[in-house]
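Here the structure is laid out as structure tokens; the discussion comes afterwards.
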Amino acid sequence: MNISRRGSRQHSHHCIAHLRIEVNGVKFEIAGLKDGEQRNIDISSGLYPPYTLANSGNSVIVTPLGAPGGSAMIVLSNMNLP
């Protein structure tokens, strides 16, 4: 999972600072995101075999926390991202 936080440096209080991610009941927390920061996390410990999201019955729930109007781009991939 690749997470990229976008926000205006001028209005940084309108950004997502924290994400809660739940993968089949396994919880992951990403805190302290800064403007323009990108993080990669491995959620495979929560996935059911065959460890993919396609046609596997896996469920991913992402809950963003922060000021209203914030945004984040979230990419789910089975490849390593830069």
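General observations
- Ordering of 31-42, 16-27 by packing is 16-27, 31-42, highest average first (other Cβ atoms within 10 Å, averaged per residue).
- Near Ser71, the amide H atoms lying under 5 Å from its own belong to Arg6, Ile16; only residues 5 or more places off or on other chains count, and H is placed 1.01 Å from N.
Every number here is computed from the coordinates shown, using simple stated rules; none is lab data. Keep in mind that what you see is a predicted model, and the values were worked out from it rather than measured. No Cβ is skipped: glycine too gets one built from the backbone with ideal geometry, and neighbour counts run over all protein chains shown.
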